[in-house]
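These notes concern the structure reproduced below.
The values are calculated or read from the model by the stated rules, or taken from the named source; none is laboratory data. Every value quoted in this text rests on a predicted model; they were computed, and no experiment measured them. Positions of Cβ are generated from backbone atoms using ideal geometry, with glycine treated the same way; all protein chains shown enter the neighbour counts. Areas reflect the complete protein model, heavy atoms only, side chains present, ligands, DNA and RNA absent. Shrake-Rupley method; radii C 1.70, N 1.55, O 1.52, S 1.80 Å.
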Amino acid sequence: MKKTDVKAVAAQRTAALPALFALVLGAAIITMTGHLQANTLHDAAHDMRHATGFPCH
C-alpha cells in the first residue's frame, strides 16, 4: 500500500468520527429522556431557560 493510500484511509476515519459521536450522543439523549418522568424533563428545561437568560414566564 502506498503512503498516500494510508493517509486517505486515515482521513476517511477521522472524518467519520464527528458523525459517529453525534449518533452516539443523540441515542444516549433519547434513551435517557425516554426513562425520565415528564416533570423531571420540564424542570430541567425550565432551569436551563433561566440559566441561559431566556424568559419563560
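Remark: the chain carries 91 Å² of accessible area per residue (probe radius 1.4 Å; ligands, DNA and RNA excluded). Our compactness index for the chain, the C-alpha radius of gyration over the empirical 2.2 N^0.38 Å, is 1.95.
Using only Cα atoms, find the angle between the long axis of helix 38-51 and the longest principal axis of the chain, and express it within 0 to 90 degrees, rounded to the nearest 10. Taking the Cα atoms of the chain, the angle to 38-51 is about 80 degrees. Relative to the longest principal axis of the chain, what angle (0 to 90°, nearest 10) does the C-alpha long axis of helix 3-34 take? Helix 3-34 sits at roughly 20 degrees to that axis.
In this label model, V24 and H42 are separated by 3.5 nm, measuring between points 7 Å along each Cα→Cβ vector.
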